[in-house]
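Coordinate-derived values only; no laboratory data. Only a predicted model underlies this, so the values are computations on that prediction, with no experimental measurement involved. FYI the Cβ positions are ideal-geometry reconstructions off the backbone, even for glycines, and counts take in every protein chain you see.
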Amino acid sequence: MEPSEAPLDSPFSFSWSEYITWYQRIKADQLDPAAKTFDRILTSALDQQLPQFDRHRIRVATSRVKDPARLWAKMTKRKYHGQIVSLESIPEAIDDLVGFRVICNNLSDVTRLQDILADLPSSDTSDAYSLAIEPNSTKDYFDSPKESGYRAYHVNLVTIVPGFDKHARVRGELQVRTLLQDGWGELTHEDTYKPGVRLPDLATTIARRMADLLATVDDLAQDLRNELDRIAERTIADEESSDVRPTENHSKVKASETPPPPQISNDSREALYDGVRTIVASLKHPALLTDVAQQVQSKFGTDLIRGWAGHGSFRDLLTAAVADVHIAGTPARVVPPGTPRDEIVDLSTRTDFEIPMIIRKLRVKDRNTPAVGRRQISQVVTAVRDTVTATVWRELELASDGLTGIRDVNKLSQRARTAASERGEIVSRPHLDYVFKALLWNHCLKADLTVEEIRECLATHLISRANIVGIPVEPEDPRRVRQWLAQEQ
């Protein structure tokens, strides 16, 4: 045998046959159960935390256990040689033995999922969890695409699989993609990225151009969704602002009291009423009045419901169609039929009601407003504070005289997201952008800002924005906004 044909020494202390025996055991005992657990718990979290009518926008698409041959090929890469010293060290070195993918309709859905993940515990702070985030494992390829053009969000999740004599911690890699970027990945994965094959420059260039074009379409799709949502929300918000009736126990408007216009036939009116009843009957949790209205619009189109079939407002149409409907809370929520009375009253104690009313109203007018809970807004403010230091200012070569611009804001926001990711934290990109821009526009952005200074500037900005877009500011609103921002993590 020629020297060039001599077999290479294995980089591992174990043989292929030993590896296969180990793989089959760990797959049955840990990896397969973990894949099912990841799928089940994440699906349950999405069911509980997403509004019912938005649930379809985010879905767990696939889950898999890495093929043994692919895993062996990955292990032979040089970067793992010093890490894999035994079979037992493989799960510590390779973080995607279990992989699962979530597909989101829009970029804002990716952000919403990140907010849900941010509420998970860290795997290094407790041993008692069903699902946790592994610190320092986030990779945001939306912000920093791979050279190939690949765009996604990756993070490692950890679950605990019970065993006969002990429990095992199993990691899984979660990949989050938009519909368009998932389509690009499916189109290019098998045709373009064959391990060990060098592709012609033209092929890689075409694949990258496809990814860039789809990223642009993603941005356009997000703009379209924002505009459609804004129109629908503003319609209901305007109705609510002109509706002086109380939200609890308001008088029912009978269909006979508000006759439909002549162009709506009796059959069409009955079809509309029946559709509204079906939507309300399907509710599992209280749903925003705006969400229910959007479902009705989606089902019947604009012609049939113009003027809400002669009722003037969606609330009146709803109460005419569903005699026993309950509408409660602020903003108004449609309560599922049969909900106990005490639970209807308890709407005022739900988590999202810790957000000041003026912030929720501002969110309708300005969809970029960070209308989130106290813990999340505190996390954003802290991430901003940790970024606007003199050290970072010098590293990014920002103007020492405080004369910054939008490009500087983008640099700071990117730096904050990277630092948060390295700490194992998930901080919303749009929320960071909003706070940095608020500081810029109010001439507050400078090095070594304190948390208190950031909060005060942000509070001033939010109240000013409410005034600009025509939202009445009550005397107590500034205090409530500052109280919301002052909540510590």
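Structure data summary
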quantity	calculated
Estimated FRET transfer efficiency (E147, L213; beta-carbon r; R0 22 Å; 0.05)	0.85
D (Stokes-Einstein, µm²/s), Kirkwood Cα radius, the range 357-486, 0.692 mPa s at 37 °C	220 µm²/s
The range 392-489: GluC sites (Glu not before Pro) in DSSP loop, at most 12 other beta carbons within 10 Å	E397, E476, E488
Fewest-first ranking of T369, T205, T159, using other Cβ atoms within 10 Å as the exposure measure	T205, T369, T159
All lysines inside 19 Å of K27 as judged from Cα atoms, apart from same-chain residues fewer than 8 positions distant	K36, K66, K74, K166
Length added when fully stretched, Q24-Y80, from 0.36 nm per residue minus Cα-Cα	18.0 nm
Ranked list, fewest to most other Cβ atoms within 10 Å of each Cβ, for F164, F14	F164, F14
Linear extension gain, I231 paired with L202, 0.36 nm per residue minus alpha-carbon span	6.1 nm
Linear extension gain, T389 paired with S13, 0.36 nm per residue minus alpha-carbon span	130.6 nm
Simple label model, 7 Å out from Cα along Cβ direction - S268 to E92, nm	7.1 nm
Burial ordering of I94, I359, I327, fewest other beta-carbon atoms within 10 Å first	I94, I327, I359
Net charge, S413 excluded, C-beta distance under 10 Å - Lys, Arg +1, Asp, Glu -1	+2
Under-5 Å amide H pairs with V102, H placed in peptide plane, nonlocal only	A61, Q175, V176, R177
V473 versus T43: modelled label distance in nm, points set 7 Å from Cα along the beta carbon direction	4.8 nm
Pairwise label distance in nanometres, F164 with L179, each label 7 Å out on the Cα-Cβ vector	4.8 nm
For the range 12-219: rounded, prolate or oblate by the Cα gyration tensor [a/c cutoff 1.5]	oblate
Local electrostatic count at T178 - Lys and Arg +1, Asp and Glu -1, tallied over other residues with Cβ under 9 Å	-1
Partners for K437 among lysines (Cα-Cα distance below 22 Å; same-chain residues under 8 apart left out)	K361, K365, K411, K446
